[in-house]
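Please treat every number below as a calculation from the coordinates, not as lab data. Keep in mind it's a predicted model, so treat the numbers as computed, not measured. Note that each Cβ is placed from the backbone with ideal geometry, even for glycine, and that neighbours are counted across all protein chains shown.
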Amino acid sequence: MFFLADANPYIPAPTWLNSGDTAWQLTAGTFVGLQSIPGLAILYAGLVKKKWALNSAVMCFYAFSSVLLAWVVLGYNMSFGNPWLSIAGQTFLGLPQFALSPDALIGQANIPAAAAGFPPLRMPGAAMIFFQFVFAAITPILIAGSVLGRMNFKAWMIFVPVWSVFVYSVGAFSIWGGGFLAQMGALDYSGGYVIHLAAGVSGFVAAAVVGARSMQDRKDFEPNNLIMAFAGAGILWLGWNGFNGGDPYMANADAGAAVLNTNVCTATSLLVWLILDMFVTKKPNAESMINGMIVGLVAITPGAGYVNGFGAIAVGLIVGCVAWFSLNKINELPLLKRVDDTFGVLHTHGVAGLFGGLMVGVFSDPAMLEYLSSDKKTPPVSAAGLLYGNPKQLWLQFVAAAFIIIYDAIATFVVLKLISFIVPLRSSESDMEGGDLAIHGVDPIPFVLPATNGSRVTAETRS
């Protein structure tokens, strides 16, 4: 609050700013940030073998920090700025610029490169920059799920900001920033393609290039703390309310519908995985329930505000079954089995994001309107899928998915190969054997042995 010497001691908010929308955007962004830290950090630390718990969490916190700096220096405007890189008349990238000036932070948020008709937002630029940053940050953290247990931390330090700038930004601009896919009419409400399909494909490529975990870890990689993993999963689930609820950029009916659809689809997919596991193995599988939850969250993300409640249930049923079959059956094929994708990110995020995006082309209900402005001059945006008389939308969704798959696979491979000339991509054998103790010099969860004299004896003191 600013105080002046004249009769009016307060500077009023500009007329374009809506306090409710701004407050919701900052809150939604914080929810999404919590998905990464501590959500995924806790989830990964609980699901990995004990000796990798700290390294997994540290990779998450590093990625969150490094992407933030890359984002405000280059990434934001490459994703949402003025058109810059065009090939054959198609625009793929925004102009690299800082997003740090007073005008960028407190001026009215805008997406100048977006499709015609998208109005300036009713929030300051800083709220938009922060909200989109947490989306950019979670994507390489998801990729980490494919390479945990063997990627050299120094290589990870280079990979994350480079990948974020040169791979993530292309997909974000092409679909969200007014690039060629947006102009074609492809839809991705909150990141099924830009985030999850990208993470699944890039994670699989990274797992193949970096190589497999040690033979011992591949044989024995039991979760060290499933209760902790469930805590992280719960943060991930509820944080997703900001993920999808924040993308109308307004605290309006669209946000409420997106939040409810997100939870309905997620619950459906979780139950699908639980029932399928019980049918096959006769027992409920705790790890698989977490995967089912993640698949539901991912599957509804590209269409959270475009489908109605019945569509949300249908997406959870269909994509839940497809992803379960993909992880448990297709993943056993020799070609896929040769690639050590630690947490099956290709299936839980890549396959789920792909089919979730395709379902937008089937179940999008034109009655689910997305209001982009409060003024009556700006018409609402709606989408119709195959079931509502628009089969073309399904084709557009397929084209967008194909672009993300092809570009991200090639670009990720190139980035990793270039990094390999600087530092080894793979941890040394001694580091893979020692895990946290060898890499970070500390065992975060020391093994406690009973002592006859009543004192605590850890693995370190015993050795």
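With 10 angstrom as the radius, rank C265, C321 by how many other C-beta atoms surround their C-beta, starting from the fewest.
Final ranking by Cβ density, sparse to dense: C321, C265.
With the alpha-carbon atoms as the only input, what is the per residue convex hull volume for the chain in Å³?
Convex hull of Cα atoms, per residue: 178 Å³.
Which of the residue pairs K49/K219; K51/K337; K219/K337; K50/K329 have a Cα-Cα distance greater than 18 Å in the structure shown?
With Cα atoms farther than 18 Å apart: K51/K337; K50/K329.
Short version: ³J(HN,Hα) in whole Hz for each residue of the stretch 283-291, in order, from phi by Karplus 6.51 cos²θ - 1.76 cosθ + 1.60 (θ = phi - 60°), x for Gly and Pro, what are they?
These are the phi-based 3J(HN,Hα) values: 9, x, 10, 5, 4, 5, 4, 5, 4 Hz.
Whose amide H sits under 5 Å from the amide H of V48, counting only residues 5 or more places off or on another chain, with H placed in the peptide plane?
Amide H neighbours of V48, under 5 Å, 5+ apart: N224.
About its Cα centre, how strong a charge dipole does the chain have in debye, to the nearest 20, once Lys and Arg get +1 and Asp and Glu get -1 at the Cβ?
720 debye
Taking amide H positions as placed in the peptide plane 1.01 Å from N, state which residues far from Y189 in sequence (5 or more) or on other chains have amide H under 5 Å from it.
G303, A304
Report ³J(HN,Hα) in whole Hz for each residue of the stretch 79-92, in order, from the Karplus equation J = 6.51 cos²θ - 1.76 cosθ + 1.60 where θ = phi - 60°; Gly and Pro get x.
Taking θ as phi minus 60°, the curve returns 9, 9, x, 5, x, 9, 9, 10, 10, 6, x, 10, 8, 10 Hz for the stretch 79-92.
Among 288-300, 357-369, 64-76, how do they line up by average Cβ neighbours within 10 Å per residue, starting with the highest?
The most tightly packed comes first, giving 288-300, 357-369, 64-76.
Please order D408, D431 by the number of other Cβ within 10 Å, starting at the fewest. Walk me through the intermediate numbers first.
Values: D408 26, D431 18.
By the 10 Å Cβ count, ascending, the order reads D431, D408.
Taking amide H atoms as placed 1.01 Å from N in the peptide plane, list the residues 5 or more away in sequence, or in a different chain, whose amide H sits under 5 Å from that of R426.
For R426, the qualifying residues are N152.
For the stretch 79-230, treating each Cα as an identical point scatterer without solvent, what Debye log10 I(q)/I(0) comes out at q = 0.08, 0.10, 0.15 1/Å?
So the normalised log intensities work out to -0.30, -0.45, -0.87.
HN-Hα J couplings of the stretch 141-157 from phi, Karplus 6.51/-1.76/1.60, θ = phi - 60°, integer Hz, Gly and Pro as x?
5, 5, 4, 4, x, 8, 10, 4, x, 6, 6, 4, 5, 5, 5, 4, 4
Counting other beta carbons within 10 Å of each residue's own, what order do V399, V209 fall into, fewest first?
Numbers: V399 14, V209 19.
In increasing order of surrounding Cβ atoms, one gets V399, V209.
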